[in-house]
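The values are calculated or read from the model by the stated rules, or taken from the named source; none is laboratory data. From a predicted model like this one, the values you see are computed outputs, not experimental measurements. With ideal geometry, Cβ positions are generated from the backbone for all residues, glycine too; neighbour counts draw on all protein chains shown. Surface accessibility is based on the protein's heavy atoms, side chains included, excluding ligands, DNA and RNA. Shrake-Rupley method; radii C 1.70, N 1.55, O 1.52, S 1.80 Å.
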Amino acid sequence: MFEKMQEALIAGNKPEVESLVDRALADGTPAARVLNEGLIPGMERLGELFKNCEVFIPEVLVAARAMNAGLAKLEPMLVKAGVQPKGIVVIGTVKGDLHDIGKNLVAMMLRGNGYKIVDLGVDVAPEKYLEAARTHRAGIIALSALLTTTMVQMKNVIEAVESSGLGIPVVIGGAPVTKDYADRIGARGYAPDAASAVEEVGRLLAG
Ligand code: B1M
């Protein structure tokens, strides 16, 4: 079933992805397994094909749409309703970067763990993070970047937060981002994946 789900994802077959996710959930497969053994490996395989020029941007966009549709099906299972927010997180993909699947996943996991999420979307300028953090009285700002050319924007956001006097931590992540990079640009938090992002946000808000 997971193999089929990956094939449908790579083919960008949104109805098929939705129906396979529905079927897996109806069969009692935990949402986390559907995510970690079905959808995410599908995106990883797609990434390889993209890298080797075996698929191109239009196909990747259609696959991303199918991925987001699959994630939307899982969201109710991953999110617990009716809990008091543990904290308010402003999240977005940095300026110049249009990748949102990983960011959506981090947002979803945080939401599922009781945080209120203010999602600014993609291509977010530093001042937008500041504005949202002030408006929503956020406790933390979370940045995602998928490109080596856009991860440099993270430093701009950190500098903007520092000079604003807001005094809240910034947590960063995304495929090209490393702990070493986070340390070098002065990010107080770093997480390699969505599950660790939840732990990292918890640690930073507690400290
Ligand atoms: Co793009 N793309 N893309 N792309 N794309 C990558 C990232 C790339 C690695 C592909 C490749 O060459 N193998 C490559 C980057 C190379 C580099 O910089 N080193 C690349 C490129 C080059 C580009 C373009 C420049 C292509 C072009 O135009 N020539 C272009 C840039 C556009 C732009 O942003 N300005 C581009 C465009 C696109 C699409 C629009 C077609 C589409 C995005 C659609 C969308 O997101 N709605 C797309 C996609 C889908 C990908 C790949 C195939 C998949 C990314 C993804 O969603 N992964 C990707 C290849 C790959 O990653 N293998 C690729 C699944 C997702 C669950 O993982 O986002 O890594 P990820 O998130 C993880 C962790 O990183 C982490 O948690 C998540 C889950 O555990 N994480 C965080 C993410 N954010 C976090 C934040 C945190 C903590 C953890 O704290 C706050």
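Extension gain, M77 to K179: 0.36 nm times the residue separation minus the Cα-Cα distance gives 33.7 nm.
Contact order for the chain, expressed relative to its length and based on alpha carbon pairs under 8 Å spaced 6+ residues apart, stands at 16 percent. Max-minus-min Cα coordinates of segment 70-152 on each principal axis give 37, 31, 13 Å, with the largest extent listed first. So what's the angle, to the nearest 10 degrees on a 0 to 90 scale, between helix 126-136 and the longest Cα principal axis of the chain? Value to nearest ten degrees: 80. Loop-located GluC sites (Glu not before Pro) across segment 1-89 with a Cβ neighbour count of 11 or fewer within 10 Å are E54, with loop assigned by DSSP. Taken about its Cα centre, segment 2-80 carries a charge dipole of about 220 debye when Lys and Arg each add +1 at the Cβ and Asp and Glu each add -1 at the Cβ.
Projected label points at T148 and K4, each 7 Å from Cα along the beta carbon direction, are separated by 4.0 nanometres.
Annotation: per residue accessible area for the chain equals 50 Å², rounded to a whole number [probe 1.4 Å, protein chains only].
Test of understanding: express the Cα radius of gyration of segment 88-206 as a ratio to 2.2 N^0.38 Å, with N the residue count.
Compared with the compact-globule rule of thumb, segment 88-206 sits at 0.90.
Stokes-Einstein diffusion for segment 2-80 at 37 °C, viscosity 0.692 mPa s, with a Kirkwood radius from C-alpha pairs, works out to 267 µm²/s.
Measuring max minus min along each principal axis, the C-alpha atoms of the chain give extents of 50, 42, 26 Å (largest first).
Sparse packing (at most 11 other Cβ atoms within 10 Å of the Cβ) combined with a DSSP loop state is found for the following chymotrypsin sites (Phe, Trp or Tyr not before Pro) in segment 41-150: F56. Treat segment 154-205 as a sphere of radius equal to its Kirkwood radius over Cα pairs and apply Stokes-Einstein at 20 °C in a medium of 1.002 mPa s; give the translational diffusion coefficient in µm²/s, rounded to a whole number. The estimated diffusion coefficient comes to 191 µm²/s.
What trypsin sites (Lys or Arg not before Pro) in segment 44-114 are in a loop by DSSP, with at most 14 other Cβ atoms within 10 Å of the Cβ?
Within segment 44-114, the qualifying trypsin sites (Lys or Arg not before Pro) (loop, at most 14 other Cβ atoms within 10 Å) are K80.
The order of R134, R184 by accessible area, most exposed first and with a 1.4 Å probe, is R184, R134.
For segment 109-154, the orientation-averaged shadow of the C-alpha convex hull comes to 3.6 nm² (one quarter of the hull surface). About its Cα centre, the chain has a charge dipole of approximately 660 debye under the convention of +1 per Lys or Arg Cβ and -1 per Asp or Glu Cβ, with nothing else charged.
Only lysine pairs 8 or more places apart, or on different chains, with alpha-carbon atoms under 15 angstrom apart are counted in the chain, and they number 10.
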